[in-house]
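Shown next, in structure tokens, is the structure this report addresses.
Values in this text are rule-based calculations from the coordinates and carry no lab data. Since the structure is predicted, the reported quantities are computational estimates derived from the model, not experimental observations. Neighbour counts are summed over all protein chains in view; Cβ atoms, including those assigned to glycine, are modelled from backbone coordinates with ideal geometry.
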Amino acid sequence: MGKVGSSIASQIGSMRVTEQIDALEIMGINAAGYLILPKIIAGVVMIPVLVIVAIGCAW
């Protein structure tokens, strides 16, 4: 999880440096919800799926 978290932080950090987040805010898009929420939802959905697959492979 540490590698994934640092990867997400570096992506968002580079977007801040290249002013992509500022552009989203100027367009009226909630940058935090647009960038972070899909990653959280994907994690919440896929972690149980991966656990089920791992249990099935170990069976």
Principal-axis tilt of helix 2-17 within the chain, Cα atoms, nearest 10 degrees
20 degrees
The chain: C-alpha pair distances exceeding 20 Å, %
43 percent
Distance between modelled label sites at ALA9 and LEU24, nm, 7 Å Cα→Cβ extension:
1.8 nm
